[in-house]
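Comments concern the structure below.
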């Protein structure tokens, strides 16, 4: 099984890139399952139901998210109704949506979990305890598991990955929009990368224009950020899961433009 995980989709042009190219990419690389973080897919952060439905129809099997999932309130009913778009599981249970889902791929039951870090971010429930509870709740119901850790601190992602090493097959970091070069198999057998990166304009400040960011950094004054324009690059990682060995045997960063 070849599993494709795509970094944060930033803006409508990036969402269009995914929608226009993903089926071709899936065919070329023999992709069985695709997980993409879509929390920034619409202007002003957040994601709308229309964009989510387009991504799901274009080859994304599960959309994960993060702190910006609440940016557009129109998505809230869809979070309850559609199991294939996730919000971080460690937000309060009364919030709209779900933090995990089991999907079928190539006859395998795949548990996909979305959790948010708490270092330099909102003071949510412990991501350790939250994911532990999800694994326990779904024990015996899945064949392999994928975890999207949406977090600011690289150290938190690394520690979470170490904690779940051997219990979750694929562990991906998101949120910082910069692809890291530490893709590897951990000692316990889990595949890990600190951050998948982003699908967006590479010549930008994390997907937005340089100028307002520069002004904010130089002056400390509030600025209105605007999405950058230009060529799109899609940062992603392919994980090759050996069904006989029941383990990921290869992790490879693959970028498309």
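The values are calculated or read from the model by the stated rules, or taken from the named source; none is laboratory data. On a predicted model such as this, the values are computed, not experimentally measured, just so you know. Every residue, glycine as well, gets a Cβ built from its backbone with ideal geometry; the counts of neighbours run over all protein chains shown.
Computed values, structure above
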item: Residue 14 vs. criteria assigned to a helix (DSSP H, G or I) and out of contact with any helix residue (DSSP H, G or I) (no Cβ under 6 Å at 6 or more places or on another chain); result: yes
item: Selection from segment 66-86 of residues that are within 13 Å of the chain's Cα centre (by Cα) and more than 24 Å from residue 198 (Cα to Cα); result: none
item: Hey, residue 102 under 22 Å from residue 144 (Cα atoms), surrounded by fewer than 18 Cβ atoms within 10 Å (Cβ to Cβ) and either within 17 Å of the chain's Cα centre (by Cα) or at pLDDT 95 or above (or both) or not; result: yes
item: Some residue of segment 77-85 being in contact with a helix residue (DSSP H, G or I) (Cβ under 6 Å, 6 or more places away or on another chain), in contact (Cβ under 8 Å) with a residue 24 or more places away in the chain, farther than 25 Å from residue 60 by Cα and surrounded by fewer than 21 Cβ atoms within 10 Å (Cβ to Cβ); result: no
item: Residue match in segment 149-171 (condition: surrounded by fewer than 14 Cβ atoms within 10 Å (Cβ to Cβ), without any contact (Cβ under 8 Å) to a residue 12 or more places away in the chain and either part of a loop (DSSP other than H, G, I, E, B) or at positive phi (or both)); result: no
item: Residue count, segment 1-39 (criterion: closer than 29 Å to residue 248 by Cα and over 11 Å from the mean Cα position of the chain (by Cα)); result: 23
item: Every residue from segment 207-243 that is part of a loop (DSSP other than H, G, I, E, B), in contact (Cβ under 8 Å) with a residue 12 or more places away in the chain and either in contact with a helix residue (DSSP H, G or I) (Cβ under 8 Å, 6 or more places away or on another chain) or under 24 Å from residue 180 (Cα atoms) (or both); result: 207, 209, 224, 225, 226, 228, 229, 230, 231
item: Residue satisfying condition, being buried (at least 18 other Cβ atoms within 10 Å of the Cβ) and either part of a helix (DSSP H, G or I) or under 19 Å from the mean Cα position of the chain (by Cα) (or both), within set 133, 89; result: 89
item: Given (1) modelled with pLDDT under 95; (2) in a strand (DSSP E or B), index of the condition residue 248 fails; result: (1)
item: Qualifying residue in segment 136-146 (condition: surrounded by 23 or more Cβ atoms within 10 Å (Cβ to Cβ), within 18 Å of the chain's Cα centre (by Cα) and not in a helix (DSSP H, G or I)); result: yes
item: The listed residue being without any contact (Cβ under 8 Å) to a residue 60 or more places away in the chain and either within 21 Å of residue 241 (Cα to Cα) or not in a loop (DSSP other than H, G, I, E, B) (or both), out of 19, 5; result: 19
item: Members of segment 53-80 found to be outside any strand (DSSP E or B) and under 21 Å from residue 149 (Cβ atoms), listed by number; result: 55, 60, 61, 65, 66, 67, 68, 69, 70, 71, 79
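Conditions (1) buried (at least 23 other Cβ atoms within 10 Å of the Cβ); (2) on the phi < 0 side of the Ramachandran plot, marked per residue:
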| site | (1), (2) |
| --- | --- |
| 28 | no, yes |
| 35 | yes, yes |
| 44 | no, no |
| 52 | yes, yes |
| 73 | no, yes |
